[in-house]
Amino acid sequence: MQIIRSLETIPYIENPVVTIGAFDGVHLGHQQIFKQLIQHAQKTGGHTVVITFDPHPQQLLNPNSDFFLIQSLEDNIELIRQQGIDYLIIIPFTMEFSQLSTQEFIEEILVNRIGAKGIVMGPNHFLGKNREGNHQIITDLCEKNNIEIVEIPEFVMNENSVRSRKIRNHILHQEIDKAIILLGHDWVVKK
């Protein structure tokens, strides 16, 4: 997996299929997205691209909240590597970057810098300043820019959706076994 830590150093990627998110914990829901990403890239003769952010947007935008990372960025990188992803782009998340609109993100980053041919996303995906870009806005902008949308359903286990927020809640309440089930891998307490 090639790791790119700057928008200025993105190499030419042939037929990139992307997914975008914080992917904290690389839980079973994220793993399902990566499987779909790989399948779609194989079907279209493309390469898989995961776009994530450092720091996590919540750390910058809500510094006084009780938010915490499930795992370190380096642990998340290793788990993403294990999924078989071709490229990981880690965008430095700054206040300036957080002001990009959905249209600016799609046109400036996905189209102009990466050349995305497809995007894999779940139904609860938001993108852009103040999470303005809901599913319909993202779909419309991608269609306008000839980016194929691959929507996958939310990953559900035992009638509950698997989300990072639920895992954090389990960790907060010392329900580590429940967190590990949703993660789909071991979790180590960070000192």
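The values are calculated or read from the model by the stated rules, or taken from the named source; none is laboratory data. Quick caveat, the model's predicted, so the values are computed rather than measured. Cβ: placed from backbone, ideal geometry, glycine included. Neighbour counts: every protein chain shown. For accessibility, only protein heavy atoms count, side chains too; no ligands or nucleic acids. Shrake-Rupley method; radii C 1.70, N 1.55, O 1.52, S 1.80 Å.
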Full-stretch length increase - His135, Phe68 - with 0.36 nm per residue and alpha-carbon distance subtracted: 21.5 nm
For peptides 130-138, 80-88, sequence by mean Cβ density within 10 Å, most packed first: 80-88, 130-138
Amide proton proximity set for Ser101, modelled H, under 5 Å, gap of 5+: Lys129
Highest to lowest packing among 65-74, 38-47, 119-128, scored as the average C-beta count within 10 Å: 119-128, 38-47, 65-74
Backbone HN-Hα couplings from phi across the stretch 106-123 [Karplus 6.51/-1.76/1.60, Hz, Gly and Pro as x]: 5, 6, 6, 9, 5, 7, 6, 8, 9, x, 4, 9, x, 9, 9, 8, x, x
Per residue Cα convex hull volume in Å³ - calculated over the stretch 15-87: 79 Å³
Shape call, the chain: gyration tensor on alpha carbons, a/c limit 1.5: prolate
List Asp140, Asp75, Asp24, ordered by accessible area with a 1.4 Å probe, largest first: Asp140, Asp75, Asp24
Surface accessible to a 1.4 Å probe, Met1 within the full protein complex, Å²: 60 Å²
Surface accessible to a 1.4 Å probe, per residue, for the residues of the chain, Å²: 53 Å²
Cα gyration tensor shape of the stretch 98-164, rounded if a/c is under 1.5, else prolate or oblate by comparing a/b with b/c: prolate
Positive minus negative residues near Gln42 (Lys, Arg vs Asp, Glu; Cβ under 15 Å): 0
Extension gain from Glu78 to Asn146, taking 0.36 nm per residue of separation minus the Cα-Cα distance: 21.3 nm
Cβ-Cβ FRET estimate between Tyr12 and Arg165, R0 fixed at 41 Å, reported to 0.05: 0.65
Sulfur and carbon atoms: percent of accessible area, the stretch 5-51 [1.4 Å]: 49 percent
Spatially near lysine pairs across the chain, Cα under 30 Å, sequence gap of 8 or more or different chains: 18
Sum of side-chain charges, His170 neighbourhood, beta-carbon under 9 Å (Lys, Arg +1; Asp, Glu -1): +1
Surrounding net charge for Lys117, when Lys and Arg each add one and Asp and Glu each subtract one, Cβ distance under 12 Å: -1
